[in-house]
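S.K.: Below you'll find the structure I mean.
The values are calculated or read from the model by the stated rules, or taken from the named source; none is laboratory data. This one's a predicted model, so the numbers in the text were calculated from it and none came from an experiment. Cβ placement follows ideal geometry from the backbone for every residue including glycine, while neighbour counts extend to all protein chains displayed.
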Amino acid sequence: MVDLVDDRNSYKIELQIKNKDDNDIYYKRDGQRFDSEYTLKFMVENNYEFTVTVKPSLPLQSVSVQGSGVSVTDKSQENGSSTYLFSWDSTKIDANKKKDRNKVQLLLQFQGGLTLVIPLQVKFYKSEDTQHLTWGTPLHHIDYECRVKPGQTYVDIIKTIFR
């Protein structure tokens, strides 16, 4: 039996992250040591700007980061995709100890009752620890291939690619 995929229920989501000074975010591959294969490197007491692009277009109603709602700006244009900007402040986060990681959860609520949870594995560094903060690969964006199964209200992440 062949399983036919309904492309109308498939989405490509691109996530870009920059810090308040528009500097690159770095990531490193941790393999199987933690829940996620990759770890993003963030600085405590910093503001992070997120850009989410959804193809095909899907209207976003709200976003929360770590359980707190954030203000979202719609930058969508008529090109078959939706683009949204929001920021998050890491001032209430403590720096991680060695071999420790945080889960930063992005909860996106879309029109039609669809929900997407993006779990980010993050190591937070003190602001003076710039050497460790920039070890790794500069993050251009994270691509997510997603699908909504018939009858579901949540969006499944099928594949994640760090670029």
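S.K.: What single numbered condition from (1) touching a residue at least 12 places away in the same chain (Cβ under 8 Å); (2) touching a Cys at 6+ places or on another chain (Cβ under 9 Å) fails to hold for LYS126?
M.R.: With (1) touching a residue at least 12 places away in the same chain (Cβ under 8 Å); (2) touching a Cys at 6+ places or on another chain (Cβ under 9 Å) applied to LYS126, the lone miss is (2).
S.K.: Continuing with this model, one more query. Are any residues in the stretch 66-86 closer than 14 Å to GLU49 by Cα, of a type outside the set (A, V, I, L, M) and buried (at least 16 other Cβ atoms within 10 Å of the Cβ), and if so, which ones?
M.R.: Correct list: THR83, TYR84, PHE86.
S.K.: Just give me the residues in the stretch 31-59 being surrounded by fewer than 16 Cβ atoms within 10 Å (Cβ to Cβ) and under 18 Å from ILE157 (Cβ atoms), in sequence order.
M.R.: Across the stretch 31-59, the qualifying residues are PHE34, ASP35, GLU37, LYS55, PRO56.
S.K.: Looking only at the stretch 141-151, count how many residues are surrounded by fewer than 13 Cβ atoms within 10 Å (Cβ to Cβ) and on the phi < 0 side of the Ramachandran plot.
M.R.: The qualifying residues number 2.
S.K.: Another question, if that's okay. Hey, could you check the stretch 114-148 for residues that are under 26 Å from GLY67 (Cβ atoms) and outside any strand (DSSP E or B) and say which is modelled with the lowest pLDDT?
M.R.: Looking at residues that are under 26 Å from GLY67 (Cβ atoms) and outside any strand (DSSP E or B), I get SER127.
S.K.: Pick from the stretch 29-88 the residues that are acidic (Asp, Glu) and outside any strand (DSSP E or B): which of them is farthest from GLN121 (Cα to Cα)?
M.R.: Once the filter is applied, the top-ranked residue is GLU78.
S.K.: Another question about this same structure. Among the residues that make up the stretch 109-125, is at least one of them among the hydroxyl-bearing types (Ser, Thr, Tyr), farther than 22 Å from SER10 by Cα and in contact with a His (Cβ under 6 Å, 6 or more places away or on another chain)?
M.R.: yes
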